[in-house]
Amino acid sequence: MLIPAQLRWCGRPFAQQIAAAARAPTVAQQSLLQESLTRHQTSAFGSAHGVSQIHTAADYRQAVPIQDYEALRPYVQRMMQGEANVLVSDPVQMFTLTSGTTGQPKYIPVTAFSAARNARLMRQWLYRLQVDHPRCFRGAMVGIVSPAVEGHTANGIPYGSLTGRIYRELPWLMRRAYAIPYPVFEIEDYDARYWAIARYALARQASFLCTPNPSTLLRLAGVMADRADSLIRAIHDGTLAGAEQGLTPEQKEQLRPRPQPQRARELEQIANATGTLQPKDCWPDLQVIGCWTGGSVGVQAQRLVSAYGTVPIRDAGYLASEARVTLPV
(Lines give C-alpha, C1' and ligand atoms only; values in the text may rest on other atoms or scores of the structure.)
Protein backbone atom coordinates (compact mmCIF):
# COMPACT_ATOMS: atom_id res chain seq x y z
CA MET A 1 0.00 0.00 0.00
CA LEU A 2 3.02 2.30 0.25
CA ILE A 3 3.38 2.72 -3.53
CA PRO A 4 -0.19 4.02 -4.08
CA ALA A 5 0.22 6.38 -1.12
CA GLN A 6 3.45 7.80 -2.50
CA LEU A 7 1.95 8.16 -5.98
CA ARG A 8 -1.06 10.00 -4.56
CA TRP A 9 1.15 12.30 -2.52
CA CYS A 10 3.26 13.22 -5.58
CA GLY A 11 0.64 12.86 -8.27
CA ARG A 12 -2.47 14.64 -7.06
CA PRO A 13 -0.96 18.18 -6.85
CA PHE A 14 0.63 17.80 -10.29
CA ALA A 15 -2.65 16.52 -11.72
CA GLN A 16 -4.30 19.68 -10.41
CA GLN A 17 -1.61 21.80 -12.08
CA ILE A 18 -2.20 20.02 -15.39
CA ALA A 19 -5.95 20.57 -15.07
CA ALA A 20 -5.41 24.28 -14.40
CA ALA A 21 -3.07 24.55 -17.40
CA ALA A 22 -5.65 22.82 -19.59
CA ARG A 23 -8.19 25.49 -18.70
CA ALA A 24 -5.82 28.21 -19.95
CA PRO A 25 -3.52 26.48 -22.48
CA THR A 26 -2.25 29.63 -24.17
CA VAL A 27 -1.03 31.04 -20.87
CA ALA A 28 0.55 27.71 -19.91
CA GLN A 29 2.35 27.36 -23.25
CA GLN A 30 3.62 30.94 -23.14
CA SER A 31 4.96 30.35 -19.64
CA LEU A 32 6.72 27.14 -20.70
CA LEU A 33 8.22 28.82 -23.76
CA GLN A 34 9.55 31.71 -21.69
CA GLU A 35 11.00 29.34 -19.12
CA SER A 36 12.92 27.45 -21.80
CA LEU A 37 14.12 30.64 -23.53
CA THR A 38 15.37 32.11 -20.26
CA ARG A 39 17.05 28.88 -19.25
CA HIS A 40 19.04 28.49 -22.47
CA GLN A 41 19.48 32.04 -23.77
CA THR A 42 23.21 32.09 -23.05
CA SER A 43 23.90 28.87 -25.00
CA ALA A 44 25.64 29.03 -28.36
CA PHE A 45 22.35 28.18 -30.06
CA GLY A 46 20.50 30.77 -28.00
CA SER A 47 23.02 33.50 -28.79
CA ALA A 48 23.06 32.65 -32.50
CA HIS A 49 19.27 32.99 -32.68
CA GLY A 50 18.85 36.03 -30.45
CA VAL A 51 16.86 34.08 -27.88
CA SER A 52 17.20 36.81 -25.25
CA GLN A 53 15.10 39.09 -27.48
CA ILE A 54 12.26 36.58 -27.96
CA HIS A 55 9.12 37.22 -25.93
CA THR A 56 6.26 35.60 -27.85
CA ALA A 57 5.55 32.53 -29.91
CA ALA A 58 5.47 34.74 -33.01
CA ASP A 59 8.95 36.07 -32.15
CA TYR A 60 10.17 32.51 -31.76
CA ARG A 61 8.80 31.41 -35.13
CA GLN A 62 10.56 34.30 -36.82
CA ALA A 63 13.89 33.90 -35.02
CA VAL A 64 14.15 30.09 -34.96
CA PRO A 65 13.09 28.50 -38.24
CA ILE A 66 11.96 24.88 -38.41
CA GLN A 67 15.08 22.70 -38.66
CA ASP A 68 15.71 19.00 -39.01
CA TYR A 69 18.18 17.12 -36.86
CA GLU A 70 21.02 17.53 -39.35
CA ALA A 71 20.93 21.28 -38.81
CA LEU A 72 21.41 20.63 -35.08
CA ARG A 73 23.98 17.84 -35.40
CA PRO A 74 27.01 20.22 -35.36
CA TYR A 75 25.83 21.59 -32.00
CA VAL A 76 25.34 18.06 -30.67
CA GLN A 77 28.77 16.97 -31.88
CA ARG A 78 30.37 19.83 -30.00
CA MET A 79 28.57 18.71 -26.82
CA MET A 80 29.65 15.11 -27.40
CA GLN A 81 33.24 16.35 -27.44
CA GLY A 82 32.71 17.91 -24.02
CA GLU A 83 32.01 21.55 -24.90
CA ALA A 84 29.54 23.17 -22.50
CA ASN A 85 26.74 25.67 -23.08
CA VAL A 86 26.19 24.79 -26.74
CA LEU A 87 22.64 23.67 -27.57
CA VAL A 88 21.51 23.85 -23.94
CA SER A 89 22.95 25.84 -21.05
CA ASP A 90 22.68 23.10 -18.42
CA PRO A 91 25.40 20.42 -18.15
CA VAL A 92 24.67 17.35 -20.28
CA GLN A 93 24.40 14.18 -18.18
CA MET A 94 23.82 11.73 -21.02
CA PHE A 95 22.55 11.38 -24.57
CA THR A 96 19.58 9.28 -25.51
CA LEU A 97 20.11 7.42 -28.73
CA THR A 98 17.59 7.02 -31.51
CA SER A 99 18.18 5.50 -34.92
CA GLY A 100 15.35 7.46 -36.50
CA THR A 101 14.19 6.18 -39.87
CA THR A 102 17.21 6.99 -42.03
CA GLY A 103 20.80 8.13 -41.81
CA GLN A 104 23.12 8.26 -38.83
CA PRO A 105 22.00 7.69 -35.24
CA LYS A 106 20.69 10.78 -33.47
CA TYR A 107 21.96 11.76 -30.05
CA ILE A 108 19.58 13.75 -27.86
CA PRO A 109 21.11 15.64 -24.91
CA VAL A 110 19.64 14.98 -21.46
CA THR A 111 20.18 17.34 -18.54
CA ALA A 112 19.27 16.91 -14.89
CA PHE A 113 16.36 19.30 -15.45
CA SER A 114 14.95 17.47 -18.48
CA ALA A 115 15.43 14.06 -16.85
CA ALA A 116 13.56 15.22 -13.73
CA ARG A 117 10.73 16.57 -15.86
CA ASN A 118 10.47 13.26 -17.75
CA ALA A 119 10.46 11.31 -14.50
CA ARG A 120 7.72 13.57 -13.12
CA LEU A 121 5.56 12.91 -16.17
CA MET A 122 6.16 9.17 -15.79
CA ARG A 123 5.06 9.35 -12.15
CA GLN A 124 1.95 11.24 -13.24
CA TRP A 125 1.13 8.49 -15.75
CA LEU A 126 1.54 5.93 -12.95
CA TYR A 127 -0.58 8.00 -10.58
CA ARG A 128 -3.48 8.17 -13.03
CA LEU A 129 -3.05 4.47 -13.76
CA GLN A 130 -3.36 3.69 -10.06
CA VAL A 131 -6.47 5.86 -9.72
CA ASP A 132 -8.23 3.82 -12.43
CA HIS A 133 -6.74 0.44 -11.45
CA PRO A 134 -6.26 0.61 -7.66
CA ARG A 135 -5.01 -2.99 -7.38
CA CYS A 136 -2.31 -2.66 -10.05
CA PHE A 137 0.53 -2.35 -7.51
CA ARG A 138 -0.60 -5.14 -5.19
CA GLY A 139 1.83 -7.56 -6.87
CA ALA A 140 5.09 -7.24 -8.74
CA MET A 141 5.76 -4.80 -11.57
CA VAL A 142 7.17 -6.29 -14.77
CA GLY A 143 8.79 -3.46 -16.71
CA ILE A 144 10.95 -4.11 -19.77
CA VAL A 145 13.36 -1.38 -20.89
CA SER A 146 16.52 -0.86 -22.93
CA PRO A 147 19.92 -0.32 -21.28
CA ALA A 148 20.45 3.10 -19.73
CA VAL A 149 24.07 3.07 -20.94
CA GLU A 150 24.99 1.59 -24.32
CA GLY A 151 28.32 3.35 -24.68
CA HIS A 152 30.23 6.58 -24.07
CA THR A 153 31.28 9.49 -26.22
CA ALA A 154 34.97 10.19 -26.78
CA ASN A 155 34.72 12.59 -23.86
CA GLY A 156 33.17 9.96 -21.59
CA ILE A 157 29.54 11.11 -21.59
CA PRO A 158 27.21 8.07 -21.53
CA TYR A 159 24.55 7.46 -24.16
CA GLY A 160 21.70 4.99 -24.10
CA SER A 161 18.00 4.68 -23.29
CA LEU A 162 16.03 7.18 -21.26
CA THR A 163 13.56 4.43 -20.31
CA GLY A 164 16.45 2.49 -18.79
CA ARG A 165 17.56 5.52 -16.84
CA ILE A 166 14.06 6.20 -15.54
CA TYR A 167 13.77 2.50 -14.56
CA ARG A 168 16.90 2.85 -12.46
CA GLU A 169 15.91 6.18 -10.91
CA LEU A 170 12.24 5.86 -10.02
CA PRO A 171 11.60 6.13 -6.26
CA TRP A 172 12.95 3.30 -4.11
CA LEU A 173 9.48 2.02 -3.25
CA MET A 174 8.72 1.56 -6.95
CA ARG A 175 12.03 -0.16 -7.64
CA ARG A 176 11.43 -2.50 -4.72
CA ALA A 177 8.37 -3.86 -6.55
CA TYR A 178 10.30 -4.62 -9.75
CA ALA A 179 10.25 -8.28 -10.75
CA ILE A 180 13.26 -7.85 -13.04
CA PRO A 181 16.55 -6.44 -11.71
CA TYR A 182 18.06 -3.79 -13.95
CA PRO A 183 21.29 -5.70 -14.86
CA VAL A 184 19.14 -8.18 -16.85
CA PHE A 185 18.55 -5.48 -19.47
CA GLU A 186 22.30 -5.11 -19.95
CA ILE A 187 22.71 -8.70 -21.17
CA GLU A 188 23.91 -8.28 -24.76
CA ASP A 189 22.88 -11.68 -26.12
CA TYR A 190 19.29 -11.23 -27.33
CA ASP A 191 18.05 -14.77 -26.56
CA ALA A 192 19.77 -14.90 -23.17
CA ARG A 193 18.30 -11.52 -22.21
CA TYR A 194 14.72 -12.52 -23.04
CA TRP A 195 15.12 -15.85 -21.26
CA ALA A 196 16.34 -14.02 -18.14
CA ILE A 197 13.46 -11.52 -18.39
CA ALA A 198 10.99 -14.41 -18.54
CA ARG A 199 12.73 -16.25 -15.70
CA TYR A 200 12.56 -13.30 -13.29
CA ALA A 201 9.06 -12.28 -14.36
CA LEU A 202 7.62 -15.77 -13.87
CA ALA A 203 9.17 -16.03 -10.42
CA ARG A 204 6.77 -13.34 -9.15
CA GLN A 205 3.02 -12.81 -9.17
CA ALA A 206 2.75 -9.81 -11.47
CA SER A 207 -0.08 -7.30 -11.22
CA PHE A 208 1.24 -4.76 -13.74
CA LEU A 209 3.22 -5.08 -17.00
CA CYS A 210 4.75 -2.09 -18.75
CA THR A 211 6.92 -1.67 -21.84
CA PRO A 212 6.47 0.71 -24.78
CA ASN A 213 6.22 -1.78 -27.63
CA PRO A 214 3.58 -4.54 -27.35
CA SER A 215 5.70 -6.77 -29.62
CA THR A 216 8.06 -7.07 -26.64
CA LEU A 217 5.25 -8.65 -24.63
CA LEU A 218 4.44 -11.02 -27.48
CA ARG A 219 8.09 -12.04 -27.54
CA LEU A 220 8.01 -12.58 -23.75
CA ALA A 221 4.95 -14.83 -24.06
CA GLY A 222 6.69 -16.82 -26.79
CA VAL A 223 9.76 -17.42 -24.63
CA MET A 224 7.58 -18.51 -21.70
CA ALA A 225 5.82 -21.06 -23.90
CA ASP A 226 8.89 -22.33 -25.76
CA ARG A 227 11.27 -22.53 -22.79
CA ALA A 228 8.85 -23.55 -20.05
CA ASP A 229 10.87 -26.53 -18.79
CA SER A 230 14.15 -24.65 -18.40
CA LEU A 231 12.41 -21.66 -16.81
CA ILE A 232 10.62 -23.79 -14.23
CA ARG A 233 13.81 -25.69 -13.42
CA ALA A 234 15.82 -22.47 -13.00
CA ILE A 235 13.20 -20.96 -10.68
CA HIS A 236 13.20 -24.16 -8.62
CA ASP A 237 16.99 -24.30 -8.36
CA GLY A 238 17.69 -20.55 -8.11
CA THR A 239 19.87 -20.41 -11.22
CA LEU A 240 20.15 -18.60 -14.55
CA ALA A 241 21.06 -21.72 -16.48
CA GLY A 242 19.21 -20.70 -19.64
CA ALA A 243 21.14 -17.43 -19.90
CA GLU A 244 24.59 -18.55 -18.77
CA GLN A 245 26.11 -18.25 -22.24
CA GLY A 246 25.15 -14.58 -22.43
CA LEU A 247 26.28 -13.44 -18.98
CA THR A 248 29.49 -11.63 -18.18
CA PRO A 249 31.31 -12.46 -14.92
CA GLU A 250 30.06 -9.15 -13.49
CA GLN A 251 26.45 -9.95 -14.39
CA LYS A 252 26.77 -13.40 -12.82
CA GLU A 253 27.92 -11.69 -9.64
CA GLN A 254 25.09 -9.14 -9.74
CA LEU A 255 22.33 -11.61 -10.59
CA ARG A 256 21.97 -14.26 -7.92
CA PRO A 257 18.35 -15.41 -7.82
CA ARG A 258 17.22 -17.46 -4.87
CA PRO A 259 15.59 -20.90 -5.19
CA GLN A 260 11.78 -20.78 -5.25
CA PRO A 261 10.58 -24.39 -5.23
CA GLN A 262 7.01 -23.49 -4.29
CA ARG A 263 6.62 -21.08 -7.22
CA ALA A 264 8.22 -23.66 -9.49
CA ARG A 265 5.65 -26.26 -8.41
CA GLU A 266 2.83 -23.80 -9.16
CA LEU A 267 4.20 -23.20 -12.65
CA GLU A 268 4.72 -26.92 -13.21
CA GLN A 269 1.07 -27.59 -12.32
CA ILE A 270 -0.01 -24.89 -14.79
CA ALA A 271 2.17 -26.37 -17.54
CA ASN A 272 0.84 -29.88 -16.87
CA ALA A 273 -2.76 -28.68 -16.93
CA THR A 274 -2.54 -26.45 -20.01
CA GLY A 275 0.37 -27.95 -21.91
CA THR A 276 2.45 -24.75 -21.74
CA LEU A 277 3.05 -21.54 -19.79
CA GLN A 278 0.99 -18.52 -20.75
CA PRO A 279 0.91 -15.14 -18.96
CA LYS A 280 -2.86 -15.29 -18.42
CA ASP A 281 -2.47 -18.54 -16.46
CA CYS A 282 0.74 -17.65 -14.61
CA TRP A 283 -0.45 -14.19 -13.51
CA PRO A 284 -4.14 -14.51 -12.55
CA ASP A 285 -3.97 -11.21 -10.61
CA LEU A 286 -2.65 -9.18 -13.54
CA GLN A 287 -4.62 -5.90 -13.43
CA VAL A 288 -3.38 -3.82 -16.36
CA ILE A 289 -0.84 -3.64 -19.19
CA GLY A 290 0.86 -0.40 -20.18
CA CYS A 291 2.11 -0.14 -23.77
CA TRP A 292 1.60 1.73 -27.02
CA THR A 293 -1.81 1.14 -28.56
CA GLY A 294 -1.79 3.50 -31.54
CA GLY A 295 -0.33 3.55 -35.02
CA SER A 296 1.07 0.39 -36.55
CA VAL A 297 1.89 -1.15 -33.15
CA GLY A 298 -1.80 -1.04 -32.26
CA VAL A 299 -2.17 -4.22 -34.32
CA GLN A 300 0.38 -5.91 -32.05
CA ALA A 301 -1.46 -4.67 -28.94
CA GLN A 302 -4.66 -6.30 -30.17
CA ARG A 303 -2.83 -9.63 -30.39
CA LEU A 304 -1.97 -9.58 -26.68
CA VAL A 305 -5.39 -10.95 -25.70
CA SER A 306 -4.53 -14.48 -26.85
CA ALA A 307 -1.62 -14.80 -24.39
CA TYR A 308 -2.56 -12.28 -21.69
CA GLY A 309 -6.35 -12.54 -21.62
CA THR A 310 -8.78 -9.65 -21.48
CA VAL A 311 -6.61 -7.46 -19.29
CA PRO A 312 -7.13 -3.68 -19.63
CA ILE A 313 -4.43 -1.99 -21.71
CA ARG A 314 -3.39 1.57 -20.85
CA ASP A 315 -1.80 3.56 -23.68
CA ALA A 316 1.77 4.50 -22.75
CA GLY A 317 1.43 7.64 -24.87
CA TYR A 318 3.51 9.17 -27.59
CA LEU A 319 7.02 9.15 -26.16
CA ALA A 320 10.36 9.02 -27.91
CA SER A 321 14.01 9.74 -27.20
CA GLU A 322 13.32 13.38 -28.03
CA ALA A 323 10.43 13.96 -25.66
CA ARG A 324 7.27 12.69 -24.02
CA VAL A 325 4.68 14.27 -26.29
CA THR A 326 1.41 12.97 -24.84
CA LEU A 327 0.24 11.83 -21.41
CA PRO A 328 -2.90 9.68 -21.77
CA VAL A 329 -5.26 10.07 -18.83
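Values as computed for the structure displayed
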quantity	calculated
Qualifying residue in the stretch 71-90 (condition: at pLDDT 90 or above, surrounded by 12 or more Cβ atoms within 10 Å (Cβ to Cβ), in contact with a Ser or Thr (Cβ under 7 Å, 6 or more places away or on another chain) and of a type in the set (Asp, Glu))	yes
Residue in the stretch 111-141 that is nearest to residue 174 (Cα to Cα), counting only those that are among the hydroxyl-bearing types (Ser, Thr, Tyr) and open to solvent by 20 Å² or more (accessible area, probe 1.4 Å)	127
Residues (in a strand (DSSP E or B) and charged (D, E, K, R)) located in the stretch 308-328	314, 315, 324
Any hit, the stretch 302-310, residues being over 23 Å from residue 212 (Cβ atoms) and over 23 Å from the mean Cα position of the chain (by Cα)	no
Residues located in the stretch 52-70, provided they are under 21 Å from residue 107 (Cα atoms) and either in contact with a Pro (Cβ under 9 Å, 6 or more places away or on another chain) or among the β-branched types (Val, Ile, Thr) (or both)	64, 66
Some residue of the stretch 183-197 being among the basic types (Lys, Arg) and either under 18 Å from residue 148 (Cα atoms) or buried (at least 21 other Cβ atoms within 10 Å of the Cβ) (or both)	yes
Test result for residue 14, modelled with pLDDT of 95 or more and assigned to a helix (DSSP H, G or I)	no
Residue satisfying all of: in the stretch 91-105; touching a Ser or Thr at 6+ places or on another chain (Cβ under 7 Å) and open to solvent by 70 Å² or more (accessible area, probe 1.4 Å); modelled with the lowest pLDDT among these	93
Test result for residue 76, closer than 30 Å to residue 290 by Cα, part of a helix (DSSP H, G or I) and more than 17 Å from the chain's Cα centre (by Cα)	no
Hits in the stretch 54-111 - residues which are touching a residue at least 40 places away in the same chain (Cβ under 8 Å), touching a Leu at 6+ places or on another chain (Cβ under 9 Å) and of a type in the set (S, T, N, Q)	96
Given (1) surrounded by fewer than 18 Cβ atoms within 10 Å (Cβ to Cβ); (2) modelled with pLDDT of 95 or more, index of the condition residue 169 fails	(2)
Identity of the residue in the stretch 238-276, basic (Lys, Arg) and not in a helix (DSSP H, G or I), that ends up modelled with the highest pLDDT	258
Failed item in (1) surrounded by fewer than 17 Cβ atoms within 10 Å (Cβ to Cβ); (2) more than 19 Å from residue 222 (Cα to Cα); (3) not basic (Lys, Arg), with residue 306 passing the rest	(2)
Selection status of residue 33, part of a loop (DSSP other than H, G, I, E, B), open to solvent by less than 40 Å² (accessible area, probe 1.4 Å), without any contact (Cβ under 8 Å) to a residue 60 or more places away in the chain and touching a helix residue (DSSP H, G or I) at 6+ places or on another chain (Cβ under 8 Å)	no
Whichever residue in the stretch 240-266 is buried (at least 17 other Cβ atoms within 10 Å of the Cβ) and of a type in the set (S, T, N, Q) and, among such residues, is nearest to residue 199 (Cα to Cα)	260
Residues of the stretch 258-285 that turn out to be out of contact with any helix residue (DSSP H, G or I) (no Cβ under 7 Å at 6 or more places or on another chain), within 23 Å of residue 137 (Cα to Cα) and not polar (S, T, N, Q), as a count	5
Cβ-Cβ under 6 Å pairs, at least 6 apart or on other chains, the stretch 4-23 side closer than 24 Å to residue 135 by Cβ, far side open to solvent by 60 Å² or more (accessible area, probe 1.4 Å)	10/123
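Conditions (1) in a loop (DSSP other than H, G, I, E, B); (2) in contact (Cβ under 8 Å) with a residue 60 or more places away in the chain; (3) loosely packed, with under 14 Cβ neighbours inside 10 Å, marked per residue:
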| residue | (1), (2), (3) |
| --- | --- |
| 224 | no, no, no |
| 230 | no, no, no |
| 296 | no, no, yes |
| 301 | no, yes, no |
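The values are calculated or read from the model by the stated rules, or taken from the named source; none is laboratory data. What you are looking at is a predicted structure, and each value in this text was computed from that prediction instead of being measured. Every residue, glycine among them, receives a Cβ derived from its backbone with ideal geometry; neighbour counts consider all protein chains shown. Just so you know, the surface numbers come from the protein's heavy atoms only, side chains and all, with ligands and any DNA or RNA stripped out. Shrake-Rupley method; radii C 1.70, N 1.55, O 1.52, S 1.80 Å.
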